[in-house]
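Just below is one structure, and these are the notes that go with it.
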Amino acid sequence: KACISDVDTERNKLKDDLRFGTFDQWPSEVRHQREHDPNGARPCLTIDKLNQYVVQVVNDMRQNRPAIKIRPVDDHGDIETAKIYAGLVRHIEDQSNASVAYETAGESSTRVGLGYFRITTEYDEESFKNQEIFIRRIPDVFTVYLGPHTQPDGSDAEYGFIIEQVPEDSFEREYPKAKKKAEDFDELGDQPSWRTEKHITVVEYFYKEYEAQTLYFMADGQTVTEKPDDPMMVQDERETQKESVKWCKLTGCEILEERDWAGKYIPIIEVIGKETYVDGKRVLWGLTRPVKDNLRMYNYW
């Protein structure tokens, strides 16, 4: 609820931009007035002069596809190790068809100013134990909520949600012992709508936990977290916090699954278009919003 209420006003603007870009360019009250004119319905023509520019930007992305690069930058890095990591990353991108994820997020940020893709781990089909890393697209930008953050990729977010509407039969097949009856959801609020007539809302929830820790800097240059037996070896120490990322899948009634996430960031990557802050609130937009009034005037005349 906190995430939704914090960005609800701005997301309504993004949704209006998306509808405009998909040819719903007449304000509803104007369309109703013209279509129900007592003297006969008047046309509400839509002349598409926007999507050619969106396609131009997206095609530029496809010609210059982004890719992850590995660079050795500290004392423990070297060129050969970087090449090995680069090969592993290329394998992950290839098996994920990651370009689709990048392009989907890029096109969404071009249209409305905001897009997402995500990192997942999935079990190998030939093994019950081994997992593979995948980069997956998020086709609906409005199914994702990230907690407060300032970095343009969302890497400093403390928590995040991915919402999915799961058909009731699919939910029952995957979680046969989970609560799914309508009365189980009666006392819940409607933000989000946890259960509809045919669907159950399932949410992936990522969050960070912190544990107090002391770092000890040794005379031999090492840094350890356990206090040495010989205090003379300690040159300095400082208090810090060890962070870990947790994951769970839940409905409005119960937690379905939970485990540790093997990474230091919330694995939801944000892609933004144009960004500014007004009165402390973030404002996002893409190619659509600046031209809406011009194109509505064109359609009208």
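The values are calculated or read from the model by the stated rules, or taken from the named source; none is laboratory data. Quick caveat, the model's predicted, so the values are computed rather than measured. Neighbour counts are summed over all protein chains in view; Cβ atoms, including those assigned to glycine, are modelled from backbone coordinates with ideal geometry. Accessible surface areas use protein heavy atoms only, side chains included; no ligands, DNA or RNA. Shrake-Rupley method; radii C 1.70, N 1.55, O 1.52, S 1.80 Å.
For LYS274, a cut-off of 20 angstrom between C-alpha atoms picks up these aspartates and glutamates, skipping any fewer than 8 places away in its own chain: ASP6, ASP8, GLU10, ASP16, ASP17, ASP60, GLU103, GLU107, ASP140, ASP153, ASP156, ASP293. In debye, nearest 20: dipole of the range 1-131 around its Cα centre with unit charges on the Cβ of K, R (+) and D, E (-)? For the range 1-131, the charge dipole is close to 500 debye.
Heavy-atom accessible surface of TRP247, to the nearest 10 Å², is about 20 Å², with a 1.4 Å probe and all protein chains retained. Scalar couplings 3J(HN,Hα) for the range 286-300, obtained by applying the Karplus form with A = 6.51, B = -1.76, C = 1.60 to θ = phi - 60°, are x, 6, 6, 4, x, 9, 4, 5, 4, 6, 5, 5, 4, 4, 5 Hz; x denotes Gly and Pro. Less than 14 Å Cβ to Cβ from ASP48, Lys/Arg counted +1 and Asp/Glu -1: what total charge do the surrounding residues give? Within the 14 Å Cβ shell, the charges total +4. Converting the Cα gyration tensor eigenvalues of the range 200-264 into ellipsoid dimensions via √(5λ) gives semi-axes, longest first, of 40, 9, 8 Å. If the Kirkwood radius is taken over C-alpha pairs of the chain, then at 10 °C and 1.306 mPa s the Stokes-Einstein diffusion coefficient equals 68 µm²/s.
Based on alpha-carbon atoms, the Kirkwood radius and the radius of gyration of the range 58-206 give Rg/Rh equal to 1.04. Computed from the C-alpha gyration tensor, the three semi-axes of the ellipsoid equivalent to the range 17-140 are 47, 18, 11 Å, from longest to shortest. Label separation (VAL30 vs THR121): 5.2 nm, computed from points 7 Å beyond Cα along the C-beta direction.
GNM remark for the chain: springs join alpha carbons under 10 Å apart, and the peak mean-square fluctuation among PRO231, PRO290, PRO176 falls on PRO231. Coordinate range of the alpha-carbon atoms in the range 91-167 per principal axis, descending: 40, 31, 25 Å.
Here the scattering of the range 221-301 is modelled by Debye summation over its C-alpha atoms, one equal scatterer each and no solvent; at q = 0.17 Å⁻¹ the log10 of I(q)/I(0) is -0.95. Considering only GLU164, GLU35, GLU258, the Gaussian network model of the chain with Cα springs below 10 Å gives its largest mean-square fluctuation to GLU35. Taking the empirical scaling 2.2 N^0.38 Å for compact globular proteins as reference, the range 58-109 has a Cα radius of gyration ratio of 1.38. Relative to its residue count, the range 165-301 spans a Cα convex hull of 261 Å³ per residue. With q set to 0.16, 0.27 Å⁻¹, the log10 of I(q)/I(0) for the range 30-97, from the Debye formula over equal scatterers at the Cα positions, is -0.78, -1.10.
The candidates PHE128, PHE217, arranged from most to least accessible area with a 1.4 Å probe in the full protein assembly, appear as PHE128, PHE217.
Relative to the globular-protein estimate of 2.2 N^0.38 Å, the Cα radius of gyration of the range 163-243 stands at 2.11. Accessible-area rank, largest first, for SER99, SER28, SER193: SER28, SER193, SER99, with all protein chains present and a 1.4 angstrom probe. Stretching the chain fully between VAL166 and PHE142 yields a gain of 7.1 nm (0.36 nm per residue, less the alpha carbon separation).
Pairs of C-alpha atoms in the range 1-67 farther apart than 19 Å represent 59 percent of all such pairs. For the set LYS129, LYS179, LYS83, solvent exposure ranked by accessible area (probe 1.4 Å, protein chains only) runs largest to smallest as LYS129, LYS83, LYS179. Modelled spin-label separation between ARG238 and LYS292, with each label point placed 7 Å from Cα along the Cα-to-Cβ direction: 4.7 nm.
A Gaussian network model of the chain, with springs between Cα atoms under 10 Å, assigns the largest mean-square fluctuation among ILE162, ILE269, ILE70 to ILE70. Estimated from the Cβ-Cβ distance and a Förster radius of 35 angstrom, the FRET efficiency linking GLU258 and GLU10 is about 0.70. Pairs of Cα atoms in the range 78-133 fall into 10 Å distance bins, from 0 up to the last occupied one, in shares of 20, 34, 32, 12, 1 percent. Once the 1.4 Å probe is applied to the protein heavy atoms, the chain comes out at 66 Å² accessible per residue. The residue list LEU295, MET233, PHE117 was ranked by how far each Cα lies along the charge dipole of the chain toward its positive end, using unit charges on Cβ atoms, and LEU295 comes out on top.
Taking K and R as +1 and D and E as -1, what net charge do the other residues with C-beta under 15 Å from the C-beta of SER244 add up to? Taking every other residue near SER244 into account, the sum is -1.
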